[in-house]
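The values are calculated or read from the model by the stated rules, or taken from the named source; none is laboratory data. All of these numbers come straight from a predicted model, not from anything done at the bench. Using ideal geometry, Cβ is built from the backbone for each residue, glycine included, and neighbour counts are taken over all protein chains shown.
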C-alpha cells in the first residue's frame, strides 16, 4: 500500500471511539467465558449441542458470511459497478437459501450428520469424503487468512496500528472466545456482530443520502456523470465483463444465481453448520430462510454507501473516471466514506462494526474448520474410537492450529487488486461441483460411490482450468475481465461434475439401498423428512414454506422496483 | 442456549444485546446532546447523527430487554438426545 494512501485514510479516532471499541471486545470475550460453562462434550463445543433457537442460528447464518471482505468488497463493487451489485444478494443468495431450508435441510438435519463432509461419507463412502473434507479444510484456512489480511490492512490504514500487531491482537480475540466457548460463542458473537454492523452502516447510509439529496439526488448525480448503467440491476454487463447483454443476463442467472450461489449456500459447511446447531428440524429448516430476510435488505446499507462514495469522495470519482487516485483502490471506499461523514462517537461504532465483521468471518472459518478437522479428518482417519473428552481437546487444538496457519496464509491475498475476485475463484474451485454432487446424490439413488469422488475431482479441475485460462497473469486466453471468469468457471465445474458422475455411475455398482435411508429422497420415509409443528415449532409464522415464499416475494418485489 | 439447569437464565443472548446497545445508546445520546461541536455537525451534513443513532440503539436495547423479560428462557426438562458419534 503506497504511503500516500495511508496518510489519506487515517481516521481521527479519539478516546471516546476507543472506549466504545473496548466495551465491545469486553462483551465478546465475556460471551466466550460464559459459553464455556455450557461446554461439556465435543458436540457442545463443535455443534452447540444442537440447542439454539432459529432466530439466533438464522442471524448467525448470514453474519458468518458478512465478513470484512464481504463488506469492503461489496461496497467497492457498489462504487465501481453500482446497483448491479445487488445480484450478489438477491439472485445470488435468496433462492439458494430458501432451497437449502425447504429441500436439503431435511436430509442434513434428519440424518444427524455433524458436518457436510460427513454427509458425503455416508452417501458415497471414503473417496468423496476425503476430497471434500480436505478441500474444505484447506479453503477455510485460506479464507481465514484472507480475512486476517483484510483486517490487518484496515487497522493499519484506519488507526495506524502496525500490521503484525493488529493480526496478533485480532487473532487472539477470536482464538480466545472460540477455544473457550466453541461454536456457541462463535454464533452468539455473530448475532451480536450483525447488530453492530447494522448500527454502524445504517447511520452512515442515512448521512450519505442526506448529503447527496436523498435517493433521487443520488440518481441525478450518477446520471449526470454518465453512469446510467449503474442505476439498474440488469443487464450488468460491466459487472460480468460479458459485453453481450443477453449472455450477461444468462451468466448472472445461471453462473451466479444457480451454480455459484447454490454451491456456496447449500454445501458450504461454514454456513450449514449454523443450521445444524439449531434445536429442532423446524428450527434448522427456518435458519437459512430467516437469514434470507436481512440478506435481502442489507445491500441497501452496503451498496448504496458505495454508490454515494462514487459521487462524494473525490478519490473514488477519480477511480470511476479511470484517473489517478493516489494509490487508493475501490476496496477503501467504505473507510473513506466513514472518515468523510461520521463524527467521533459514531466513528467508534463504525470502527467496531468493521472489526466485528472481520471477526465474524474468521470465527466462522475457524469454527467450521475445527469441526471438519476433528470429526472428519482426525476421528475418521487418524485416531478412531477415543473417549469424547479426547475429541473435545482435539477440537480446541485444531482451533489454535487453524488460526496459526491462517496468519501464514494472509499474504496469498495480497497479489490481487479486487479481493472479491480471489474469493470467487476459491469458491468456484471447491463449491460449484459440490452442489452438483449433492443434488444428484440426494435425488438419484443409483449414483455410485465412485461417481461421488470422480465427479467432484473432475468439476474442481474444470474450474481451475477456466481460472488459469482467464487470468491475465496466467494464460489470459479467455477475455472475461470482470467477475465473468468465476461465473463461467463455476458453470463449467457444475456441468462437468454432472456429466462425469452420470457416466461413471453407468459403469460402477450402486451403493446398497439399505445404507441410504435418510440420505436419498426416494429412500427416506416422509415422516423422517417432515418437522414437528408443536411446542416451540407451532404457529403459522413458523412454517418454513410460508417464510420461504415470503422472502421470494420480497426479493421479486425488490427486483421490480430496482430492476 | 445453555442446557444446564438454572444457568440458562444468566446467559440469554437477548439480554446481552440489550445491555450492549443500552450502553451504546446512552453514551451516544449524551454525546449527541452535550458534546457535539459545529464541526461534528458539519461533517454529518448538519445531522446530529450521534443523537439519532443513540436513540435508535436505545430503542433496540429496550425491545430486546422487553422480549427477554416477557418471554424468559425455559430450560427444557428433558434434554433431547444428540447421539454424538452415533454414526459409527
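When the criteria are applied in full, residue A:412 fails the requirement of being modelled with pLDDT of 85 or more and either within 21 Å of residue A:117 (Cβ to Cβ) or not in a loop (DSSP other than H, G, I, E, B) (or both).
Here the condition is being in a helix (DSSP H, G or I), more than 10 Å from chain B (Cβ to nearest Cβ), over 20 Å from residue A:45 (Cβ atoms) and modelled with pLDDT of 80 or more; of A:176, A:205, it holds for A:205 alone.
Determine whether the range A:42-50 contains at least one residue that is in a helix (DSSP H, G or I), within 10 Å of chain B (Cβ to nearest Cβ), over 23 Å from the mean Cα position of the chain (by Cα) and surrounded by fewer than 24 Cβ atoms within 10 Å (Cβ to Cβ). Among the residues of the range A:42-50, not one is in a helix (DSSP H, G or I), within 10 Å of chain B (Cβ to nearest Cβ), over 23 Å from the mean Cα position of the chain (by Cα) and surrounded by fewer than 24 Cβ atoms within 10 Å (Cβ to Cβ), which makes the answer no.
Taken together, the residues in the range A:505-556 that are more than 24 Å from the chain's Cα centre (by Cα) and over 22 Å from residue A:443 (Cβ atoms) amount to 13.
The test for being part of a helix (DSSP H, G or I) and either modelled with pLDDT under 55 or facing chain A (nearest Cβ under 9 Å) (or both) does not hold for residue B:5. Taken as a whole, the structure places residue A:170 among residues that are in contact (Cβ under 8 Å) with a residue 60 or more places away in the chain and closer than 14 Å to residue A:406 by Cβ.
Scanning the range A:54-69 for residues that are at pLDDT below 80 and in a helix (DSSP H, G or I), we see that the one that is surrounded by the most Cβ atoms within 10 Å (Cβ to Cβ) is A:68.
Here residue A:195 clears all of (1) more than 14 Å from every other protein chain (Cβ to nearest Cβ); (2) surrounded by fewer than 23 Cβ atoms within 10 Å (Cβ to Cβ) except the condition numbered (1). If only residues of the range B:28-41 that are within 9 Å of chain A (Cβ to nearest Cβ) and in a helix (DSSP H, G or I) are counted, the one that is farthest from the chain's Cα centre (by Cα) is B:39.
Against the test of being closer than 25 Å to residue A:66 by Cβ and touching a strand residue (DSSP E or B) at 6+ places or on another chain (Cβ under 8 Å), the options A:166, A:184, A:135 yield a single qualifying residue, A:184. Number of residues in the range A:320-331 that are touching a helix residue (DSSP H, G or I) at 6+ places or on another chain (Cβ under 6 Å) and within 21 Å of residue A:70 (Cα to Cα) equals 4. Residue pairs whose Cβ atoms lie under 9 Å apart, separated by 6 or more positions or on different chains, with the first residue in the range A:489-505 and at positive phi and the second surrounded by 24 or more Cβ atoms within 10 Å (Cβ to Cβ) and modelled with pLDDT under 85, do not occur.
Within the range A:390-412, restricting attention to residues that are in contact (Cβ under 8 Å) with a residue 12 or more places away in the chain and within 14 Å of chain B (Cβ to nearest Cβ), the residue that is surrounded by the fewest Cβ atoms within 10 Å (Cβ to Cβ) is A:392.
Residue selection: residue A:213 satisfies the criterion of being modelled with pLDDT of 80 or more and within 14 Å of chain B (Cβ to nearest Cβ).
The set of residues in the range A:525-539 that are within 18 Å of residue A:52 (Cβ to Cβ), touching a helix residue (DSSP H, G or I) at 6+ places or on another chain (Cβ under 9 Å) and part of a helix (DSSP H, G or I) comprises A:536, A:537.
Under the condition of being part of a loop (DSSP other than H, G, I, E, B) and more than 18 Å from the chain's Cα centre (by Cα), the residues counted in the range A:263-306 number 2. For the residues A:149, A:109, the requirement of being at pLDDT below 85 and assigned to a helix (DSSP H, G or I) singles out A:149. In the set (1) assigned to a helix (DSSP H, G or I); (2) within 14 Å of chain B (Cβ to nearest Cβ), the condition left unmet by residue A:11 is number (1).
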